[in-house]
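The numbers here are math on the coordinates, done by the rules we state, and not lab data. Please read all numbers here as calculations on a predicted model, not as lab measurements. With ideal geometry, Cβ positions are generated from the backbone for all residues, glycine too; neighbour counts draw on all protein chains shown.
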Ligand SMILES: [Zn+2]
């Protein structure tokens with residue numbers, strides 16, 4: 001844990017220099033592109049606490065991140081901007097809606113050819129004391145290994161935690177051939193986390209912080 005934090009501190013001056021003193025970074029010949037993937041939608045509410053639904057929180061946060069990134073002239077693609085899942089995004093014979101939803105999200109990632117994808121989710125635990133954020137990444141991607149601890153720090157700053165990013169058995173991490181980071185941005189099952197997650201002021205400041213971290217990620221790829 002300590003090692004990851006130190007590594008990021010070491011990188012910080014380099015990243016800031018790149019971000020503020022250089023032209024916008026280019027991982028590809030074109031303008032950088034970030035895909036934001038608010039989880040769930042439509043019939044799939046995600047996790048819930050009473051009337052509070054994951055799908056609504058993650059869409060609100062993603063919309064705010066998009067606004068911030070666009071303000072900074074970053075090109076953003078989103079798997080959804082309204083209350084719908086991705087199961088009908090492309091025609092498919094796959095009978096399972098859930099499976100179609102995930103497969104279509106990955107297909108969308110590939111079509112956009114992004115620098116990376118940030119998928120946003122909210123967590124739930126049987127333990128009411130479970131709190132804070134987690135970053136899941138693909139250990140097979142060198143950029144994943146490099147950037148995941150920096151994204152984790154962004155979440156840790158919100159919750160005063162110090163965690164290492166994790167690898168996890170998520171379909172979109174396994175299937176995608178572009179770097180994907182899946183963020184669980186807090187626990188709906190925890191009262192304190194839940195009060196933050198539904199607070200528009202918290203969402204706004206968190207979105208700004210995450211947008212700046214995403215811009216650091218783009219600088220890192222330059
Ligand atoms: Zn989710």
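Just a few scattered comments:
- For region 137-200, the percent of C-alpha pairs falling in each 10 Å distance bin, counted from 0 to the bin holding the largest distance, reads 21, 44, 29, 7.
- With the largest listed first and rounded to whole Å, the semi-axes of the equivalent ellipsoid of region 128-167 from the Cα gyration tensor are 20, 11, 5.
- Region 168-222 - Debye-derived log10 I(q)/I(0), Cα point model, q = 0.22 Å⁻¹: -0.96
- Antiparallel %, DSSP beta bridges [both residues in the chain], to 5: 30
- Here is how the number arises for the chain: DSSP H runs of 4 or more residues each give -39500 (n - 2.57), the sum is divided by the residue count, and the result at 222 nm is -15500 deg cm²/dmol.
- Residues of region 71-90 with amide N under 17 Å of a point placed 7 Å along Cα→Cβ from residue 31: 71-78
- Relative frequency of Cα-Cα separations exceeding 19 Å in region 107-222, percent: 46
- Where Rh is the Kirkwood radius over Cα pairs, Rg/Rh for region 28-81: 1.09
- When each of the peptides 206-217, 176-187 is scored by the mean number of other C-beta atoms lying within 10 Å of its residues, the order from highest to lowest reads 176-187, 206-217.
- Overall size of the chain from C-alpha positions, given as principal axis extents largest first: 46, 41, 32 Å.
- Pair residue 195, residue 162: separation of 7 Å Cα→Cβ label points (nm): 2.6
- Extending 7 Å from Cα along the Cβ direction at residue 52 and again at residue 129 yields two label points whose distance is 2.0 nm.
- Here is the P(r) of region 28-132: all C-alpha pair distances, binned every 10 Å from 0, give 15, 41, 32, 12, 1 in whole percents.
- Percent RCO, i.e. relative contact order, over region 77-179, from Cα pairs under 8 Å lying at least 6 residues apart: 28
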